[in-house]
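The values are calculated or read from the model by the stated rules, or taken from the named source; none is laboratory data. In this text the structure is predicted, and so the values were computed from the model without any measurement. All Cβ positions, even for glycine, are placed from backbone atoms using ideal geometry, and neighbour counts span all protein chains on display.
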Amino acid sequence: MPDDEADRAAVLGVALAALSLLFVVTPLRATVPGPLAVFVEVGILFAVYGMLVLGLDLQYGHTGLVNFGHVVFFAVGAYTVGILAAQGSFSGTSLGLPWPLALVGAVVAAGAVGALVGSTSIRLRDDFLAIATLAAAEIFHSITVNVSSVFGGSTGILSIPQPLDQAIGEYGTTMVATLLLFAGLTALAFAGVSRLTAAPYGRVLRAIRADELVTRSVGKPVFTYKMQAFVYGAALAGFAGGVFALYNGAISPEFFTIQVTVTVWIGMLLGGAANHRAVLGGLAIIMGLRLVSRFANQAAPVSAADFAALRLVAVGLILILVIRYRPAGIWGDPKELGVDS
């Protein structure tokens, strides 16, 4: 087994992806008992959000770019796959192209939107950058709702291919294979981001985060580095959106609200920015609370909406305590982030 963390993650990712494909090419089957189905579903969502939080950590944790519109790239990736690959959806545009081509298109489209948003907003100060990226996300959300001829409006785009489901044809086996595949993809994303940030390139990004003027004074093209980090994070989010669409088989604006951005931001801050294992750990806490709340809601004498609000209150209190007593996050390095421990 390789000693390097990135290499270990890459080996794990390939192994998990290969294991998931065994369910496609062999008669091997798995069952998911009813009570465990929710664990598998949340695990799949954690893997998708894991790719999102790794991209966000590249932008903010390593480069200092405050992106409050990360969900827009997730949505662009999902809608690109929907438009290109959907088979005769009665809402929105559906071109019926092969899904691998659509997934490549999702990465390219999200990266292009990242370049567009970045080129117009990266030079802004942190607070204005946050506002600009948040505005970009809200604009795209509004477009998906109102331009129904392309995006399907509130109904969204249906009839998106589900490759694993079509290849396996059995719910329990499909869910297990999807969980393994998505976990493998997240591990590969972890390996790629870790390799990138451990290289001299990553040291330049952290220098920009620490002091942009000093970095510029030694001849580094600060804007270029910031743009690259922003686009890389956007492309990874687009890939996550693409695989989510291929898993879910349908997309609509309700999947791409600001709550997605809030979830990955809280996960990153909770675990500790600029530490890839930490941000995934923080996200695991948030997703664990979501899992616990699903079971607790069944016994609580309140409505589902009220219970969801209580869950947000609990997450907010946890975040306040972490910021107060562990401002670098639970597993973050205060020296790395330049904060008081």
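The table below gives the values:
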{"read-out": "Considering residues of segment 169-192 that are more than 18 Å from the chain's Cα centre (by Cα) and either small (Gly, Ala, Ser) or under 20 Å from residue 242 (Cα atoms) (or both) only, the residue surrounded by the fewest Cβ atoms within 10 Å (Cβ to Cβ)", "value": "169"}
{"read-out": "Options 195, 206; residue that is more than 20 Å from the chain's Cα centre (by Cα) and among the basic types (Lys, Arg)", "value": "206"}
{"read-out": "Where a residue in segment 246-257 is under 14 Å from residue 106 (Cβ atoms) and its partner, wherever it lies, is surrounded by 21 or more Cβ atoms within 10 Å (Cβ to Cβ) and aliphatic (A, V, I, L, M), with Cβ under 6 Å and at least six apart", "value": "251/78; 251/157; 251/245; 256/71; 256/75"}
{"read-out": "Single residue of segment 180-214 satisfying the filter (touching an Asp or Glu at 6+ places or on another chain (Cβ under 9 Å) and among the aliphatic types (A, V, I, L, M)) that is farthest from residue 250 (Cα to Cα)", "value": "198"}
{"read-out": "Count of residues meeting criterion [under 15 Å from residue 122 (Cα atoms) and not in a helix (DSSP H, G or I)] in segment 200-221", "value": "1"}
{"read-out": "In segment 98-123, the residues that are assigned to a loop (DSSP other than H, G, I, E, B) and buried (at least 16 other Cβ atoms within 10 Å of the Cβ)", "value": "122"}
{"read-out": "Exclusive hit being over 30 Å from residue 337 (Cβ atoms) and either under 18 Å from the mean Cα position of the chain (by Cα) or hydroxyl-bearing (Ser, Thr, Tyr) (or both), set 133, 93", "value": "93"}
{"read-out": "Unique match (being β-branched (Val, Ile, Thr), closer than 20 Å to residue 70 by Cα and modelled with pLDDT of 95 or more) among 215, 133, 174", "value": "133"}
{"read-out": "Answer residue from segment 237-269, given it is polar (S, T, N, Q) and part of a helix (DSSP H, G or I) and is farthest from residue 133 (Cα to Cα) among those", "value": "248"}
{"read-out": "Hey, residue 96 touching a strand residue (DSSP E or B) at 6+ places or on another chain (Cβ under 7 Å) and at pLDDT below 95 or not", "value": "no"}
{"read-out": "Residue identified as modelled with pLDDT of 95 or more, farther than 30 Å from residue 328 by Cβ and surrounded by 14 or more Cβ atoms within 10 Å (Cβ to Cβ) among 53, 40, 32", "value": "40"}
{"read-out": "Meets criteria (part of a helix (DSSP H, G or I), under 27 Å from residue 21 (Cα atoms) and out of contact with any helix residue (DSSP H, G or I) (no Cβ under 8 Å at 6 or more places or on another chain)) for residue 176", "value": "no"}
{"read-out": "Residue satisfying condition, being out of contact with any helix residue (DSSP H, G or I) (no Cβ under 9 Å at 6 or more places or on another chain) and in a helix (DSSP H, G or I), within set 197, 186, 224", "value": "224"}
{"read-out": "Some residue of segment 9-16 being at pLDDT below 95, buried (at least 16 other Cβ atoms within 10 Å of the Cβ) and either touching a helix residue (DSSP H, G or I) at 6+ places or on another chain (Cβ under 6 Å) or part of a helix (DSSP H, G or I) (or both)", "value": "no"}
{"read-out": "Lone qualifier among 154, 89 - being modelled with pLDDT under 95, outside any helix (DSSP H, G or I) and surrounded by 14 or more Cβ atoms within 10 Å (Cβ to Cβ)", "value": "89"}
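For (1) in contact with a helix residue (DSSP H, G or I) (Cβ under 6 Å, 6 or more places away or on another chain); (2) buried (at least 16 other Cβ atoms within 10 Å of the Cβ); (3) over 30 Å from residue 170 (Cα atoms); (4) among the basic types (Lys, Arg), each residue gets a yes or a no:
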site: 250; (1), (2), (3), (4): no, yes, no, no
site: 287; (1), (2), (3), (4): yes, yes, no, no
site: 318; (1), (2), (3), (4): no, yes, yes, no
site: 335; (1), (2), (3), (4): no, no, yes, yes
